[in-house]
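The values are calculated or read from the model by the stated rules, or taken from the named source; none is laboratory data. On a predicted model such as this, the values are computed, not experimentally measured, just so you know. With ideal geometry, Cβ positions are generated from the backbone for all residues, glycine too; neighbour counts draw on all protein chains shown. In case anyone asks, the SASA skips ligands and DNA or RNA and just uses the protein heavy atoms, side chains included. Shrake-Rupley method; radii C 1.70, N 1.55, O 1.52, S 1.80 Å.
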Amino acid sequence: MKLKKTNFFKALTIFQTIIIFSLVIFIIWFCFIKNSGLAIPASNPEIRTRPIIEKEETFYQYDGRKIITHDSTLGETFIPAFADVPASPLNPDNFVKEKNGFISYNGSEVQKTFTGIDISEHQGNIDWQTVKNAGIDFVMIRLGYRTYGGGVITIDNSYAKNIEGAQNAGIDVGIYFYSQAINTDEAIEEADTVLNIISNYNITYPVVFDWELVFNDKARTDSIGVETLADCCVAFCERIRGAGYTPMIYQNLSTAIHKLDMPRIKDYEFWLAEYSDKPSFYYEYDMWQYSSSGTVPGISGGVDLNICFKDYSAG
């Protein structure tokens, strides 16, 4: 009787071992081997086509960095930071607002900063020598714009006298074009318009692609997607770079964070618009427009104020 029980338990143990081993083999096959050699067909092969994108992994981040934002409904929110887009080395606490309303930077990250303004025909007649004496190092001058209704390229009425007046006073000049491009052909057309005009001048600061959303009105750019905006930025900037100038992209904080494809434009100079005493933009920027209501001797009314962290005039 004892021998029969011993044989029964041995048989049961062997059976249990076989069952456990079979389960382990099945789990390994199901988890690791089943789909290893098979490609899952896409329902729409075109969905993964992204023009001019160099690396698809730039759409993700792997190091856990976060960009904190604020929403009127949700309060504090966050989005992941791109691991391969350089973060700004500037410490917001090192910005200082002077008595004249200009902002300076006292950190050790940059050796020198430059004070600037950006203007258009709306500023009227400007006493450029007085502007220079007030401490302005550079000016970004609007050369023209594309209308947001009909899409007509229009040249700024005062661009010539502003360029010549600023340069005669010893102020470095950069150029910006207010774009409403809805495709790359229009962006290139805008770049060529700029290049044809500035070839007669010594432009030492960047040539800027200023693409903006139009609020409180209907505009031809209302439905522009992320990919199209990035395509337009690249098309304009490459045209400018090919002509020997320094291209730059201008965006406000909200558009830069939520609509601009930062991995695609990270190699271009960047001009940030954020109206505050201290910037909160996470990524690297080369110029900061911090006020739209500054006052500068020699200019009637309000004017945009900027600080620049590079000496573009040095070549």
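Could you please put Glu98, Glu269, Glu76 in sequence from largest to smallest accessible area, using a 1.4 Å probe? Walk me through the numbers before you get to the answer.
On the way: Glu98 85, Glu269 35, Glu76 125 Å².
Listed by decreasing accessible area, they come as Glu76, Glu98, Glu269.
So who's got an amide H within less than 5 Å of the one on Gly144, skipping anything under 5 residues away but keeping other chains? H placed 1.01 Å off N, in plane.
When sequence neighbours closer than 5 places are left aside, the close amide H contacts are Asp156, Tyr178.
Starting from segment 102-147, pick out the trypsin sites (Lys or Arg not before Pro) whose DSSP state is loop and whose Cβ has at most 15 other Cβ atoms within 10 Å.
Numbers: sites: Lys112, Lys132, Arg142, Arg146; in loops: Lys112.
Sparse-neighbourhood loop trypsin sites (Lys or Arg not before Pro): Lys112.
With a 1.4 Å probe and every protein chain left in place, tell me how much accessible area Lys278 has, in Å² to the nearest 10.
Here the residue's solvent-accessible area equals roughly 90 Å².
Over segment 99-257, give the accessible area per residue in Å² for a 1.4 Å probe, as an integer. Spell out each step's value before the answer.
Numbers: 6700 Å² over 159 residues.
Counting only protein heavy atoms, the per-residue value for segment 99-257 is 42 Å².
Please compute the Kirkwood hydrodynamic radius over segment 244-283, one decimal place, Å, based on all pairs of different Cα atoms. List each step's numbers first, then the result.
Values: mean 1/r = 0.0912 Å⁻¹.
Across segment 244-283, the inverse of the average 1/r is 11.0 Å.
Rounded to two decimal places and with Rh computed the Kirkwood way over Cα pairs, what is Rg over Rh for segment 146-244? Show your work: numbers first, answer last.
On the way: Rg = 14.3 Å, Rh = 14.3 Å.
Rg/Rh: 1.00.
Given labels modelled 7 Å from the Cα in the Cβ direction, how far is it in nm from Asp311 to Asp267?
If labels sit at Asp311 and Asp267, their model points lie 2.7 nm apart.
Expected output is a single nm value to one decimal: the length gained when fully extending between Asp84 and Phe215, i.e. 0.36 nm times separation in residues minus the C-alpha distance. What is it?
Working: separation 131, 0.36 × 131 = 47.16 nm, distance 3.16 nm.
Going from the current span to full extension adds 44.0 nm.
Would you mind computing, in nm to one decimal, how far apart the modelled labels at Asn183 and Ser108 are, each placed 7 Å from Cα along Cα→Cβ?
Label-label distance for Asn183 and Ser108, simple model: 5.4 nm.
Loop only per DSSP, at most 16 neighbouring Cβ atoms within 10 Å: give me the chymotrypsin sites (Phe, Trp or Tyr not before Pro) in segment 200-298, ordered by residue number.
Working: sites: Tyr201, Phe209, Trp211, Phe215, Phe236, Tyr245, Tyr250, Tyr268, Phe270, Trp271, Tyr275, Phe281, Tyr282, Tyr283, Tyr285, Trp288, Tyr290; in loops: Tyr201, Phe215, Tyr245, Tyr268, Tyr275, Phe281, Tyr282, Tyr285.
Of the chymotrypsin sites (Phe, Trp or Tyr not before Pro), the ones in loops of segment 200-298 whose Cβ has at most 16 other Cβ atoms within 10 Å are Tyr201, Phe215, Tyr275.
With a bin width of 10 angstrom, please list the P(r) values of segment 186-296 as percents of all Cα-Cα pairs, from the 0 bin to the one holding the largest distance.
13, 42, 35, 9
Could you please state how large a percent of the accessible area of segment 244-292 is carbon and sulfur, counting protein chains only and using a 1.4 Å probe? Kindly include the intermediate steps, with their values, before the conclusion.
On the way: 680 of 1650 Å².
Summing carbon and sulfur atoms, their accessible area is 41 percent of the total for segment 244-292.
I want the local charge near Asn125. Using Cβ-Cβ distances under 15 Å, sum +1 for each Lys or Arg and -1 for each Asp or Glu among the other residues. Before the final figure, lay out each step's value.
On the way: positive: Lys161; negative: Glu121, Asp127, Asp156, Glu164.
With Lys, Arg at +1 and Asp, Glu at -1, the neighbours total -3.
Rounded to the nearest 0.05, what FRET efficiency do Lys99 and Gln129 give with R0 = 22 Å and r taken as the Cβ-Cβ distance? Could you check? The partial results should precede the final answer.
Values: r = 22 Å, r/R0 = 1.01.
Efficiency for this residue pair is about 0.50.
If I model a spin label as a point 7 Å beyond the Cα along the Cα-Cβ vector, how far apart are those points for Lys259 and Thr147 in nm?
Each label point is offset 7 Å from its Cα along the Cβ direction, giving 2.1 nm.
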